[in-house]
Amino acid sequence: MRGRYRVTYPAKHSVGFSSIAIPLAKGSFCRQLQPSRTSRDRAIRMLGVVNETRRPQLVWKYGYEIEIHEVQTEDGYLLDLYRIAGRRAASGQPPLRPHRNAPIFLMHSLLSSCADWVLMGPGRALAYLLADAGFDVWMGNARGTRYSRKHLHHDPDARAGEFWNFSWHEIGLYDVRALIDHVLNATGAARLHYGGFSQGTMVLFVLLSERPEYSAKLIDMQAISPSVYMYRLEGRIVRTFVTLADPLVAALDAAGRREILPNRRFIAPLVKIVCADGNVTVCRELLYDVAGRNPAQVDDRMLRIFLGHFPAGASLRQLHHFSQIIRTARFAKYSPLRSTGRGGFHASPPAPLYNLTRATVPVVVYYGLNDHVINYRDALQLADEVPNLAAVHQIADRHFTHSDFILAKNSARLLNSILLQELDQYDRRAPRTSGSV
């Protein structure tokens, strides 16, 4: 691997970095919603994550200030952006306002939402730990998820509608760009910290490849199980999908089915039946196949809560794009299927690669040895190719899986405490935020 960086397993060495600040881009397509009672209750339901949550008053006692901002992308999607802006006096906790030098923006994984960051609750989930540490926490929701099913002109429920004509390329190029600009405009900060899990990392690399000037708006990137290279993926279920992806995608697209696993229709009721107390073993085994097996870190109650929010929705093209980078071992743009005109299809020529050398932000990589989605060798390959690798952290549990990054009983100690230490180093060197709304 190139350059000077820190590696922990558990050895650790110091490293320095330099940064640049530029003025904010003009013309951000965004607007803020005033937190009405309805939107506040919706935020409580989202951030509480207590069995979908039917008793939001219990969550409100956590005492965290919640805002919902609606952000409009350049291509017309309306995204919900959640903010934890400190803590009120509640449950014996003193009030706390953000006091760190820069805000942090978090981006979720595939088929998920910003629930990734709050599922484990106060004292364990990363978003709450960051707020407790004085950070101004912002959590994005990509287009097509249950919290961002909105567009100025397109109906997400229309069969074969234009709403679903996107992959994770557009999430990176448009969604992440608009969300970052909104956070900077709302807080008055020149730069922010970026944290991404799985797909939440790759979409930033897409943005930085296409718009490299955005590296100057970032202090650091905390890359949690980064899904850039995935061809060593181990799960049998996902491998089967990758093998069948082209004909399956062609058939579904021809039938006008461009949304994958919409939570609200049949998945959520099915999960409640399949993953009931007596049947939770079935859900555990599915999780083990996809993410990796680590029974010591699985909490059945938390798994059921997670499955109440997952899957949160995605586009058919989004999953097809994933299948392409897995099958070809290339971090490349999307190659659409072409109709032969006789009911058949053929693949397009290979698409151009993304240019990782344009991502000049300091990158900190976290990986697990038993991650079935992002094999540790794939994570290390990415670490070897980014131009400004700052640190690499192997999680100190040799059975740590992909889902453990957000669901493990000991994730606060094994992952989040280390991530907070990394952020603390970068934040102390960052310029102070000039103001906030």
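With a 10 Å radius around each residue's Cβ, average the other Cβ atoms per peptide and rank 382-390, 106-114, 143-151, highest first.
Ranked from most to least packed, the peptides come out as 106-114, 143-151, 382-390.
Please list, ordered by chain and number, the residues whose modelled amide H lies under 5 Å from the amide H of Q93; skip anything fewer than 5 residues away on the same chain.
Here nothing satisfies the definition.
Debye sum, Cα scatterers, the range 160-232, no solvent: what log₁₀ I/I(0) at q = 0.15, 0.16, 0.21, 0.28 1/Å?
Evaluating at q = 0.15, 0.16, 0.21, 0.28 Å⁻¹ gives log10 I(q)/I(0) of -0.52, -0.59, -0.92, -1.34.
Non-local amide H neighbours of E259 (under 5 Å, H modeled in plane, Pro and chain starts lacking H): which ones?
When sequence neighbours closer than 5 places are left aside, the close amide H contacts are L316.
Excluding same-chain residues fewer than 8 positions from K409, which aspartates and glutamates have a Cα within less than 17 Å of its Cα?
Here the aspartates and glutamates satisfying the reach criterion relative to K409 are D116, D299, D300, D371, D397.
So for the pair L286, E74, with labels modelled 7 Å out along Cα→Cβ, what separation do we get in nm?
Placing both labels 7 Å along Cα→Cβ, they lie 3.8 nm apart.
Can you compute the charge dipole magnitude of the range 156-219 about its Cα centre, using +1 on each Lys and Arg Cβ and -1 on each Asp and Glu Cβ, nothing else charged? Give it in debye, rounded to the nearest 20.
Roughly 220 debye, rounded to the nearest 20.
Among DSSP beta bridges whose residues both lie in the range 284-409, state the antiparallel percentage, nearest 5.
Counting only bridges with both partners in the range 284-409, antiparallel ones make up about 45 percent.
In the range 290-307, which residues have a backbone nitrogen under 15 Å from the label point lying 7 Å from N410's Cα in the Cα-to-Cβ direction?
Once the point is set 7 Å along Cα→Cβ of N410, 294-299 turn out to lie under 15 Å by backbone N, inside the range 290-307.
If you bin every alpha carbon distance in the range 136-175 into 10 Å steps from zero, what whole percent lands in each bin?
That works out to 27, 54, 15, 4, in percent per bin.
How big is the range 344-432 in terms of Cα radius of gyration and Dmax, in angstroms?
Considering the range 344-432 through its Cα atoms, Rg and Dmax are 16.6, 58 Å.
Report the Cα centroid-to-centroid distance between the range 107-132 and the range 346-369 in angstrom, as an integer.
24 Å
Relative to the present Cα-Cα distance, how much length would full extension add between D299 and R338 at 0.36 nm per residue of separation?
9.6 nm
Would you please give the FRET efficiency between H153 and R398, computed as 1/(1 + (r/R0)^6) with r the Cβ-Cβ distance and R0 = 45 Å, to the nearest 0.05?
E(calc), rounded to 0.05, equals 0.35.
Which far-off residues, 5 or more places away or on another chain, put their amide H under 5 Å from the one on G86, with H placed in the peptide plane?
Residues meeting the amide H criterion: E65, V137.
Taking the Cα atoms of the range 64-155, what is the range of coordinates along each of the three principal axes, in descending order and whole Å?
That gives 46, 23, 22 Å along the principal axes, largest extent first.
Read-outs throughout are calculated quantities, based only on the coordinates presented, and are distinct from any laboratory measurement. Bear in mind the structure is a predicted one, so any value in this text is a computation, not a measurement. Cβ atoms come from the backbone with ideal geometry, glycine included; neighbour counts cover every protein chain shown.
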